[in-house]
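The values are calculated or read from the model by the stated rules, or taken from the named source; none is laboratory data. All figures in this text were calculated on a predicted structure; none of them were measured in a lab. Neighbour counts are summed over all protein chains in view; Cβ atoms, including those assigned to glycine, are modelled from backbone coordinates with ideal geometry. Surface accessibility is based on the protein's heavy atoms, side chains included, excluding ligands, DNA and RNA. Shrake-Rupley method; radii C 1.70, N 1.55, O 1.52, S 1.80 Å.
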Amino acid sequence: MKTKTLKKNKVNVVTLGCSKNIFDSEVLMAQLKANKFEVEHEAKHDDSEIVIINTCGFIDNAKQESIDTILRYAQAKKEGQVDKVYVTGCLSQRYKDDLEKEIPEVDAYFGTRELPRMLKTLKADYKHELVGERLLTTPSHYAYFKIAEGCDRPCSFCAIPIMRGGHKSTPIEDLVKQAEGLAAKGVKELMLIAQDLTYYGLDLYKKRALSELIDRLSDVEGIEWIRLHYAFPTGFPMDVLDVMKNKSNVCNYLDMPLQHGSTRMLKAMRRGTTREKTEQLITDIRNKVPEIAIRTTLIAGYPGETEADFQEMYDWVERSRFERLGIFTYSHEENTHAYNFEDDVPAALKRERADAIMELQSGISYDLNQRHIGQVRKVLFDRAEGDYFIGRTEYDSPEVDNEVLIKAADNYVRIGDFAPILITSADHYDLYGKLAD
């Protein structure tokens, strides 16, 4: 029985997980709006008739957060606070049958590529003319820009191909049109995302076409920064670096998840490379673009990881001096190749190893940040918070990387604008500065 008045045809879209999910939610929201729904992203007031939860199923913590969110809205439905609850995304794709049995209060579950079916359930039309249109949930000056769906890589620990299917590139012409549309709305920064940027174009053009795509996108008027996320190291197309060098609006930034620094572990993970090859690749990239900031992510505690394997990774991180680094503890995922092995590294030891890497990286980051002191950097300002305006250099992506802080009392900038900032001090993960004279 309803206990409050709900706004008919109002939809609250709740997004969990990665930037790919944010992109998918934005596409969904554009379709809903075109079908005359009032749509809000992560509404602050519980007055929506319909809730759609876009879930993550990547690792244990993300799965638990998704399940907790579904249970919360299932309870809200029981109490009459919402009328309909729908679930989509990776968790739903992967565990649909189990979820339907365990949480039957949800009205329907949908997979990662079932947007038309979801809209039909909502008595809405899938509008083909809106392909590429989105309602941005990010600040209006930047947008995540998905160039491909799915993944063909055989990594032993990863369930993404199960949830997202095989690799499917979006044609260059379509992406250029999307970028032009975003630029017309005031977007200045595109963050290219995919499960694997490196593979882009192989399915459509029978060759790696990432450099051609970036070159075309860099010519879109109004796009001032293009940033590359999630490039697989094996088969990385080095011609991308030529575009990075030649085009001033392609950021000197590369997000390349390397996962481990032990050759034995890389082989077990089915990564198709060795530590030695990885080190050579990093050297070659830095030789070609000396200004580049490389972001990577690693895994601690993969099955069979010995103290020697961990030490090899630790020493490699110490040598490599990555500008940006994050590390996950290994999560034992059903239906992956690694699930056949015993999850034999204790949770406490996984965390201890991850913490050791992050402590090492903290010192590296501090040292590298000192290089910016006295330099003038082009900074894009994302928000005001407390006494500061907060922005980023080209070496930093939102939410995961370093930030630049300037005192609001002494400096004025507009959110969404670029400004030249003289860096006056730096700590482990942030830079401080003032408007350059």
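Annotation for segment 340-411: trypsin sites (Lys or Arg not before Pro) lying in DSSP loop with at most 13 further Cβ atoms inside 10 Å of their Cβ are R371. Distant-in-sequence amide contacts of T329, defined by a placed amide H-H separation under 5 Å and a gap of 5 or more residues or a different chain, comprise A300. Here segment 1-83 is described by how far its Cα atoms reach on the three principal axes: 37, 29, 16 Å, from widest to narrowest.
Can you work out the PRE-style zone for A384? Point 7 Å along Cα to Cβ, and I want the residues of segment 401-437 with backbone N under 18 Å. Output list for this probe position: 404-420, 433-435. About its Cα centre, the chain has a charge dipole of approximately 1120 debye under the convention of +1 per Lys or Arg Cβ and -1 per Asp or Glu Cβ, with nothing else charged. Mean residue ellipticity, 222 nm, helices only, the chain: the sum of -39500 (n - 2.57) across DSSP H runs of n ≥ 4, divided by residue count and rounded to 500, is -10500 deg cm²/dmol.
Farthest toward the positive end of the dipole of segment 231-352, out of T263, M313, L325, is the Cα of L325, where the dipole comes from beta carbon charges about the Cα centre. Applying a DSSP loop filter and a limit of 16 other Cβ atoms within 10 Å to the trypsin sites (Lys or Arg not before Pro) in segment 237-291 leaves K247, R270.
For the chain, DSSP calls about 35 percent of its internal beta bridges antiparallel. Among the listed values (1) 1.05; (2) 1.10; (3) 0.97, the one computed from these coordinates for Rg/Rh (Cα atoms, Kirkwood Rh) is (3).
Is there a pair in K36/K78; K247/K288; K8/K77 whose C-alpha atoms are over 20 Å apart, and which pairs would that be? Violating the 20 Å Cα-Cα cut-off are K36/K78. Accessible area ranking (1.4 Å probe, heavy atoms, ligands and nucleic acids excluded), largest first, for F418, F322: F418, F322. Applying a DSSP loop filter and a limit of 14 other Cβ atoms within 10 Å to the GluC sites (Glu not before Pro) in segment 337-414 leaves E342, E399.
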